[in-house]
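Readers should treat all values here as calculations from the given coordinates under stated rules, not as data from a laboratory. Keep in mind the model is a prediction, meaning the values are calculated, not measured. Backbone-built Cβ (ideal geometry, glycine too); neighbour counts: all protein chains shown.
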Amino acid sequence: MKKTIIRGTGRYLPSRVVTNDDLAKLMETSDEWIKQRTGIEKRHWTPEEGGVGSSDLGLEAAKIALDRAGWKAEDLDFIIFATLSPDIYFPGPGCLLQHKLGLFSTPALDIRQQCTGFLYGLATADSYIKSGLANKILLVGAEVHSTGLDISTRGRDVTVIFGDGAAALCLEGVETDENVGLLSVSLYAEGKYADNLSTEFPASRCNPRLTEESLRQGLHYAKMDGKNIFKLAVRRLPETANKCLKDANLLISDIDLVIPHQANLRINQAFQQAMNLPEEKVFHNIQRYGNTTAASIPIALDEAIEMNLIGKGSTVLFIGLGAGLTWGGIIYKFPK
Ligand code: UT7
């Protein structure tokens with residue numbers, strides 16, 4: 001059976017760096033509070049005047065991934081784009097990116113699974129490859145959060161967390177008997193917690209979809225029950241990791257590096273302790289980027305490869321939880 005192999009990765013962060021001290025000038029918060037509660041020191045945001053959408057960030061990351069894979073855009077037979085911050089309401093950024101890559105008919109699919117968008121996207125790519133529907137897939141995770149944040153004390157619990165960024169993977173189906181590629185996949189959703197992290201407006205269930213009153217109340221900004229999500233993450237991430245390990249017939253000691261979603265440094269440290277892992281086996285970059293949602297795991301993967309923490313023969317565990325709620329884990333083994 002075909003295995004899904006990562007042929008190239010790339011990341012792109014917009015150049016505007018916003019520090020915690022910058023935010024403290026705009027709302028009642030402090031570098032100390034943000035660092036202590038989340039680990040975040042700074043994040044990248046797109047230009048304040050706008051004009052940059054998630055497909056633009058995705059394009060830059062895609063160009064790098066294609067280059068590293070030695071592929072041209074024309075080699076792609078499928079595009080999967082994961083984001084919660086599409087350039088416009090519809091069509092989704094997958095189509096916009098396809099056009100920006102100069103392609104004419106390559107199919108493009110959008111994934112709306114928020115912080116687990118990358119995990120759902122990777123599992124979808126693997127299924128397309130195994131079913132024979134596609135063989136060379138571009139998977140992108142990209143977010144522009146900054147234009148959707150309440151830059152005031154009212155929105156501070158959410159605003160200080162999120163950053164903009166993108167990453168892309170070139171994935172190829174390869175016929176091999178080697179035990180490589182996606183060794184196990186566990187995906188979950190629990191819609192009963194949908195209101196724990198959501199952006200309500202514009203809403204198709206309201207007519208009109210956006211009103212002055214909804215704007216005044218800030219209902220077009222994300223709202224979050226951070227405490228509950230934190231509690232759920234700390235319980236479910238180790239459960240999911242153990243399920244992934246069992247399905248792949250592996251022990252935690254077989255994992256060379258865990259690449260978790262970057263939502264909160266404390267969540268990932270709690271995961272590390274629950275799994276009895278040494279510090280160096282769990283990758284963190286939230287300090288520099290904040291939470292980039294669908295982009296966070298692939299940005300971290302790209303950095304970990306660049307830092308030579310993982311490479312030929314390595315086994316990695318991707319894991320994350322976020323809005324939906326959705327959560328999941330994937331174990332991937334690089335070929336030798
Ligand atoms: O990837 C998406 C999934 N999301 C997550 O995984 C988020 C998980 N949750 C979290 O990361 C944390 O819950 C937060 C970082 C969001 C919040 O940390 P917390 O320790 O749960 O703080 P809290 O919400 O209980 O707030 C504590 C206090 C409150 O003040 P009072 O009521 O104690 O007077 C807040 O009003 O901190 C206040 N606060 C802030 N103070 C300074 C909330 N946000 C801020 C802020 N700066 N930015």
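Using C-alpha pairs below 8 Å separated by at least 6 residues, the relative contact order for the chain is 26 percent. Here the chain is treated with +1 on each Lys and Arg Cβ and -1 on each Asp and Glu Cβ, and its dipole about the Cα centre works out to around 580 debye. You can think of it this way: the chain between ASN228 and SER253 has 6.0 nm of extra reach, that is 0.36 nm per residue less the Cα-Cα gap. Every helix of 4 or more DSSP H residues in the chain counts as -39500 (n - 2.57), and over all residues that averages to -9500 deg cm²/dmol at 222 nm. May I ask which of LYS192/LYS223; LYS42/LYS136; LYS42/LYS227; LYS100/LYS312; LYS72/LYS130; LYS3/LYS231 have a Cα-Cα span longer than 24 Å here? From LYS192/LYS223; LYS42/LYS136; LYS42/LYS227; LYS100/LYS312; LYS72/LYS130; LYS3/LYS231, over 24 Å: LYS42/LYS136; LYS100/LYS312; LYS3/LYS231.
Based on the reciprocal of the average 1/r between different C-alpha atoms, the Kirkwood radius for the range 76-182 equals 15.1 Å. Residues CYS206, CYS170, CYS115, CYS244 in ascending order of nearby Cβ atoms (within 10 Å, fewest first): CYS206, CYS244, CYS170, CYS115. Average projection, convex hull of the Cα set of the range 35-123: 7.5 square nanometres.
Of all the C-alpha pairs in the range 177-336, what % are more than 19 Å from each other? The answer is 58 percent, as a whole percent. Normalising the Debye intensity of the chain to I(0), with uniform scatterers on Cα atoms only, and taking log10 at q = 0.12 Å⁻¹ returns -0.80. Kirkwood hydrodynamic radius computed over the range 2-175 comes to 16.8 Å, based on all pairs of distinct alpha carbons.
When only alpha carbons are used to place a centre, the range 143-168 and the range 226-240 end up 21 Å from one another. How high is the relative contact order of the range 250-327? Use alpha-carbon pairs under 8 Å, at least six apart in sequence, and give a whole percent. Normalised by residue count, the contact order of the range 250-327 is 45 percent. With one equal scatterer per alpha carbon and no solvent term, the Debye-computed log10 I(q)/I(0) for the range 116-176 at 0.14, 0.19, 0.25 1/Å reads -0.55, -0.73, -0.98.
The stretch between ARG16 and GLN217 holds 69.5 nm of extra length on full extension. This uses 0.36 nm per residue minus the Cα-Cα distance. In the chain, a dipole from Cβ-located charges (positive for Lys and Arg, negative for Asp and Glu) runs towards its positive end, and of THR176, CYS95, ASN20 it is THR176 whose Cα lies farthest in that direction. Within the range 302-336, list the residues whose amide N lies under 19 Å from a label point set 7 Å along Cα→Cβ of LYS246. Residues passing the 19 Å test: 317-320, 327-332.
Mean silhouette area of the range 77-138, derived from the convex hull of its C-alpha atoms and averaged over all directions, reads 4.0 nm². Toward the positive end of the charge dipole of the chain, with +1 on the Cβ of Lys and Arg and -1 on the Cβ of Asp and Glu, the farthest Cα among GLN287, ALA270, LEU215 is that of ALA270.
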